[in-house]
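Here the structure comes first, spelled out in structure tokens, and everything after it is commentary.
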Amino acid sequence: MDSTIILIILGYVILAFLLLIFSMRTSFHWFLKTTMIVVLTFFYITTYKSFNELLGWPTKDSLPDRFRLIAAQIYEPNIVINSEGSIYIWITNMNEKSGLSTPRSLEIPYSKEIHQKIAKALVNIKNGVPQMGEMSDDNNEEGIVAKILEKKKAVSNSIKVNFFDMPSQLLPEK
């Protein structure tokens, strides 16, 4: 655990201790004192659960419809360490600032098909050709299930994505 996280947790413990002393020494109504303690406990939990987002760990949110691929790291399934495998990608959303926004790290469940597509896209990126990804629509039952799961912020195992060369940007006339 990072020292910053430990300091934040220690700060909350000190805040809870001060609130406890305040609650014992004042003559406020017991309902107000209880509400303050419950609210502080709620902030404990939400702050601790948001540390992964604050520290920049990959999220399991769904991919945007169109995105620019910056980089990727592929971990294949491994029986020895009991790993199902994951694909970590760094992307920028094409709907925000034409793909020039701050990159976001995402985790995708491992799939051989996606592995091959991302590997080809990474070769193109190394050759200096920017790559763009696009989610493909499937009208079958798996696509419907994936859309339902996407609304719940869960990633489906049947992600359909295609990569292609990013179109060159037109420069304005002089």
Counting only residues that are assigned to a loop (DSSP other than H, G, I, E, B), touching a residue at least 24 places away in the same chain (Cβ under 8 Å) and open to solvent by 50 Å² or more (accessible area, probe 1.4 Å), region 111-128 contains a total of 0
Restricted to region 59-83 and to residues being open to solvent by less than 80 Å² (accessible area, probe 1.4 Å) and among the aliphatic types (A, V, I, L, M), the residue farthest from Leu122 (Cα to Cα) is Leu63
How many of the residues making up region 137-162 are open to solvent by less than 40 Å² (accessible area, probe 1.4 Å) and either more than 19 Å from the chain's Cα centre (by Cα) or modelled with pLDDT of 80 or more (or both)? 2
Considering Ile21, Ile9, Ile37, which residue is open to solvent by less than 80 Å² (accessible area, probe 1.4 Å), β-branched (Val, Ile, Thr), out of contact with any helix residue (DSSP H, G or I) (no Cβ under 7 Å at 6 or more places or on another chain) and touching a residue at least 12 places away in the same chain (Cβ under 8 Å)? Ile9
Among the residues of region 85-102, are any surrounded by 10 or more Cβ atoms within 10 Å (Cβ to Cβ), farther than 24 Å from Asn162 by Cβ and not acidic (Asp, Glu)? no
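The values are calculated or read from the model by the stated rules, or taken from the named source; none is laboratory data. Everything quoted here is computed from the prediction, not taken from an experiment. Methodologically, a virtual Cβ is constructed for each residue, glycine included, from the backbone with ideal geometry; neighbour enumeration extends over all protein chains shown. When the accessible area is computed, the model is the full protein with side chains, heavy atoms only, and any ligands, DNA or RNA have been set aside. Shrake-Rupley method; radii C 1.70, N 1.55, O 1.52, S 1.80 Å.
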